[in-house]
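Working notes, beginning with the structure itself.
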Amino acid sequence: MNFGLSEEQEMIVKTVRGFVETEIYPHENEVERTGFVPPEIGDEIRRKCIELGFYACNFPEEIGGAGLDHVTFTLVERELGRGSMGLTVFFGRPSGILMACEGEQRERYLRPAVRGEKIDALAITEPDAGSDMRGMKCAARQDGDDFVLSGTKHFISHADVADFVIVFAATGEEDTHRGVKKKITAFLVDRGTPGFDILKGYDSVSHRGYHNSILNFTDCRLPKSQVLGEVHRGFDLANQWLYGTRLTVAATCVGRARRTFDLALPYAAERKQFGKPIGTNQGVSFKLADMITEIDAADLLTLSAAWKLDAGIPANREIASAKLYASEMLARVTDEAIQIFGGMGLMDDLPLARFWRDARVERIWDGTSEIQRHIISRDLLRPFGA
């Protein structure tokens, strides 16, 4: 077992970390204050990312991506996790699900997304259907060669800057061993399509500047050519491509936790109380020991899951474990870092309060901690027929 990085991976980590520190950090305070990323700044980040050759680095080389393997891409996401998500979203990583594009869809959606000419967003969650994807009410009925889409989606990340949205909608029902469930189909829907409105979402305590939107569909007519994948197979399509996003969440949490630790460690070594550094007190030094142990554990768990994907080994449970542990680890690490800084940790002069607030959503999106525990336990018990 080789836990070291290759020379190329070391270079990529150094390059992306340098990019985050020089192109992302300087804008973070203003984005945090205003909750808004000026379009010119987003465009500049995207342009520089393209120039570096990292845009769509999660896509194969044959369609214009950098063709990074899962481990290397996870390292990229880990470094991006150090920065504000409202800004790093422009360091483009289009949805992997776009690889399901066929024929003319590749020229209209896949390749422009890979070139950085178009931004996509995924629309799954609804007011009454979050973890229960097959309980969604947003539906598309077939009308001749078209589908007519109606319903509402919410919590749709960065739809406000997207050129098109990948929308999952119910297109029928089927009997399962758990009762009647919706058949799901994925659609490619362009901004500006009649009957499709993108509305301002909710003001969030986490990731300011990284907006969520509400999407309303009112008799939105879509030709069959807008179906992504196969009709009624959207649930399988989502499971095939989207579980990798949980690995991205885990990597992001590790990166954010390391940045937090990088602030807490020197402060504990330099800050003096009662004539000595606070880090010499077990009350603080033991916190540091626990923090770095948990960060390293989450890091190794995340990279191990990515390695399994590269090796072609099923890793659904390992990915769920990484997402569960890393997201809950980040909550503990940010909280302990604030405790080390004391009252100063809650002041806007430092980014710790932001990290603390941002950490809260990681246990919810891309599958709640409870869903991850369900995936893990189901995988463990299935061989026993339970």
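The values are calculated or read from the model by the stated rules, or taken from the named source; none is laboratory data. Quick caveat: nothing in here was measured; it's all calculated off a predicted structure. Ideal geometry is used to build each Cβ from the backbone, glycine not excepted, and the neighbour counts take in all protein chains shown. We work out accessible area using only protein heavy atoms, side chains counted, and drop any ligands, DNA or RNA first. Shrake-Rupley method; radii C 1.70, N 1.55, O 1.52, S 1.80 Å.
Restricting the range 135-240 to chymotrypsin sites (Phe, Trp or Tyr not before Pro) that sit in a DSSP loop and have at most 11 other Cβ atoms within 10 Å of their own Cβ leaves TYR202. Distance from the Cα centre of the range 68-87 to that of the range 260-332, in angstrom? Result: 17 Å between the Cα centres. For the chain, the solvent-accessible area of protein heavy atoms averages 48 Å² per residue (probe radius 1.4 Å; ligands and nucleic acids excluded). From the Cα gyration tensor of the range 1-137, with a ≥ b ≥ c the square roots of its eigenvalues, which class applies: rounded if a/c is under 1.5, or else prolate if a/b is larger than b/c, or else oblate? Taking the square roots of the gyration eigenvalues as a ≥ b ≥ c, the range 1-137 is rounded. Sorting the segments 94-101, 320-327 by their residues' average number of neighbouring beta-carbon atoms within 10 angstrom, most packed first, yields 320-327, 94-101. Largest to smallest in accessible area, the residues GLU77, GLU173 fall in the order GLU173, GLU77 (1.4 Å probe, all protein chains included).
Think of each Lys and Arg Cβ as +1 and each Asp and Glu Cβ as -1; about the Cα centre, that makes the dipole of the range 150-235 roughly 140 debye. Applying 1/(1 + (r/R0)^6) with r as the Cβ-Cβ distance of LEU381 and LEU300 and R0 = 30 angstrom yields a FRET efficiency of 0.75. Only Cα pairs under 8 Å and at least 6 apart count here; give the relative contact order of the chain as a rounded whole percent. Dividing the mean separation by the residue count of the chain yields 15 percent. Per-residue packing, averaged as other Cβ atoms within 10 Å, sorts the ranges 110-121, 3-14 into the order 110-121, 3-14, beginning with the highest.
Let me know the shape class of the range 71-156, please: from the alpha-carbon gyration tensor, a ≥ b ≥ c as square roots of the eigenvalues, rounded when a/c is under 1.5, otherwise prolate if a/b is greater than b/c, or oblate. Since a/c reaches 1.5 but b/c is at least a/b, the shape of the range 71-156 is classed as oblate. Under a 5 Å amide H cut-off, with hydrogens placed 1.01 Å from N, LYS183 pairs with THR171, GLY172, GLU173, GLU174 among residues at least 5 apart or on other chains. Each residue of the range 343-360 was assigned a 3J(HN,Hα) from its phi angle through the Karplus curve 6.51 cos²θ - 1.76 cosθ + 1.60 (θ = phi - 60°); the sequence is x, 4, x, 9, 7, 6, 5, 10, x, 5, 5, 5, 4, 4, 5, 4, 4, 5 Hz, with glycine and proline shown as x. Sorted on the mean count of surrounding Cβ atoms within 10 Å across their residues, most packed first, peptides 61-69, 78-86 read 78-86, 61-69. Among SER225, ASN316, TYR109, pick out the residue whose Cα is farthest towards the positive end of the charge dipole of the chain, where Lys and Arg carry +1 and Asp and Glu carry -1 on C-beta, about the Cα centre. Of SER225, ASN316, TYR109, it is ASN316. Against the empirical 2.2 N^0.38 Å (N residues), the range 283-353 has a Cα radius of gyration ratio of 1.38. Plainly put, the chain has a radius of gyration that is 0.98 times its Kirkwood radius, both from alpha-carbon atoms, as the Rg/Rh ratio. Per DSSP H run of n ≥ 4, the term is -39500 (n - 2.57); total these for the chain, divide by its residue number, and report the mean residue ellipticity at 222 nm rounded to 500 deg cm²/dmol. So the helix-based figure for the chain works out to -14500 deg cm²/dmol. When the Cα gyration tensor is reduced to axis lengths a ≥ b ≥ c, the ratio a/c is 1.5 or higher for the range 135-206, and with a/b not above b/c it is classed as oblate. Distance from the Cα centroid of the range 337-386 to that of the range 178-237 is 26 Å (rounded to whole angstrom).
With each label modelled as a point 7 angstrom along the Cα→C-beta vector, the TYR202-THR34 pair spans 2.6 nm.
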